[in-house]
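Notes follow the structure.
The values are calculated or read from the model by the stated rules, or taken from the named source; none is laboratory data. For clarity, every value in this text was computed on a predicted model and none was experimentally measured. Cβ coordinates were reconstructed from backbone atoms using ideal geometry, including for glycine residues, and neighbour counts include every protein chain displayed.
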Amino acid sequence: MTEVDLADLRFEEGAHLLLARALGRVAVGEEIAVRGRTPDLDIHLRAWARAEGHGFGLLDGGAGFALRRGPAQSARWQGAEQAGRPDPALPGAVVNQPPSHWGLAARGATVEAGALDFRFTLAGKSQLWADEAARLYAQAVASQWNPHTAVDWNASFELPEEVEDAVVQLMTYLIENETAALVVPSRFVAQMHPHFREVLQLLAIQAADEARHIEVFTRRATLKRDRLGLSTVGGQASLKTLVDEPDFAVASFLLSVMGEGTFLTLLRFLERHAPDPVTRAVTALAAADEARHVAFGVAHLRESALADPFLLERLAASVHRRHEALRHTAGLNQEVRDALVLLAAGGWEHKQLRLGSLRVAQLLADMDVGRRNLLRRLGFDDERAAALSGLHTRNFM
């Protein structure tokens with residue numbers, strides 16, 4: 001029989017670790033002998049054995065105690081469940097509806113019986129999951145950039161006063177919209193069951209992306225000015241419809257597909273027509289992040305639509321509802337539109353301004369084409385995609 005001599009080692013000093021180790025090396029039903037000199041050893045040993053699911057007795061002649069290994073290392077494991085398998089690539093790794101009592105347990109952990117329920121309102125695979133989530137999260141981690149070193153803030157340039165003012169107005173507009181893009185996913189992260197950890201992590205890093213965008217756009221706006229541009233009632237009203245949307249699928253659609261899909265075209269336009277190297281750098285960096293946000297939005301909603309035959313109708317209805325809510329607003333403010341024309345023109349000559357106006361008109365057409373393509377990827381036919389794209393807010397996001 002295996003023997004464990006605890007000597008004067010008390011339970012609170014680690015005696016239980018020696019006992020657990022010894023029991024782990026014998027078969028279920030086998031006994032080990034325990035000896036020790038601490039006061040009340042029998043009381044502590046009996047209580048520990050009962051809690052851990054082992055048998056307790058006295059050795060013949062009272063020379064010590066006997067522990068008989070129970071069917072589990074701990075009674076706490078009785079009725080425990082495994083919270084999914086740890087590798088998302090394995091079949092059954094991500095379950096369709098994780099129980100509420102799995103709570104904050106890591107996927108793959110064994111959840112002790114009797115765990116308390118957590119109330120996560122977003123707890124279904126069809127609500128959240130995308131097979132692309134793990135890959136996009138790995139890509140997001142690898143693509144993180146430092147706002148202080150990724151941009152050459154000391155680059156030397158001087159712009160005409162009106163052009164610098166136009167850049168400041170555009171940066172002000174970008175900050176406002178990126179703030180909405182930070183707030184919207186952040187609202188839903190706390191509602192998601194942690195079993196879907198890749199989605200949770202991806203949206204958290206997406207919020208971090210937006211925080212960086214706000215930082216670099218603010219820094220560019222104040223590089224040569226001490227105040228920002230105009231924020232309009234119409235712009236705020238458009239973004240409020242995003243912030244107030246209570247449905248995760250609809251919010252993801254309006255923000256990540258319709259809004260950020262459109263914004264991606266805008267950022268690439270600004271990169272192409274940037275009048276200085278700093279503006280070019282910050283818009284290029286932001287565009288790379290936004291492309292990833294759009295990719296997840298499309299992947300998530302495409303998979304959700306396969307599980308929910310009514311989802312596309314809900315998404316279409318949300319576009320009509322938002323259009324109706326914003327019907328009486330001004331949409332994109334004139335200052336932003338004029339700033340876009342000036343940057344695209346590159347000068348004040350008549351032919352330059354005419355070219356700038358044509359380029360902005362082409363930008364709007366390109367935005368429409370981009371939205372239609374994304375809508376078709378979700379499952380809308382050409383006619384429906386064209387109609388929904390045409391109803392998208394004039395404020396772009």
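If ALA138 satisfies all but one of (1) in the same structural domain as SER256 (by TED's automatic domain parsing); (2) in contact (Cβ under 8 Å) with a residue 40 or more places away in the chain, what's the number of the condition it fails? Result: ALA138 passes all but (2). For the stretch 4-50, filtered to residues that are in contact with a Lys or Arg (Cβ under 8 Å, 6 or more places away or on another chain), part of a strand (DSSP E or B) and not hydrophobic (A, V, I, L, M, F, W, C), the residue that is farthest from ASP60 (Cα to Cα) is ASP5. Here the stretch 79-94 is the region considered, the condition is being modelled with pLDDT of 80 or more and touching a helix residue (DSSP H, G or I) at 6+ places or on another chain (Cβ under 7 Å), and the residue that is farthest from ALA138 (Cα to Cα) is ALA83. Of the residues making up the stretch 160-216, those that are more than 17 Å from SER252 (Cβ to Cβ) and hydrophobic (A, V, I, L, M, F, W, C) are VAL163, ALA166, VAL167, VAL168, LEU170, MET171, LEU174, ILE175, ALA208, ALA211, ILE214, VAL216.
Considering only residues in the stretch 122-171 that are outside any loop (DSSP other than H, G, I, E, B) and small (Gly, Ala, Ser), the one that is nearest to THR232 (Cα to Cα) turns out to be ALA166. If I filter the stretch 373-397 down to residues being in a helix (DSSP H, G or I) and among the small types (Gly, Ala, Ser), which single residue comes out as surrounded by the fewest Cβ atoms within 10 Å (Cβ to Cβ)? By that ranking, first place goes to GLY390.
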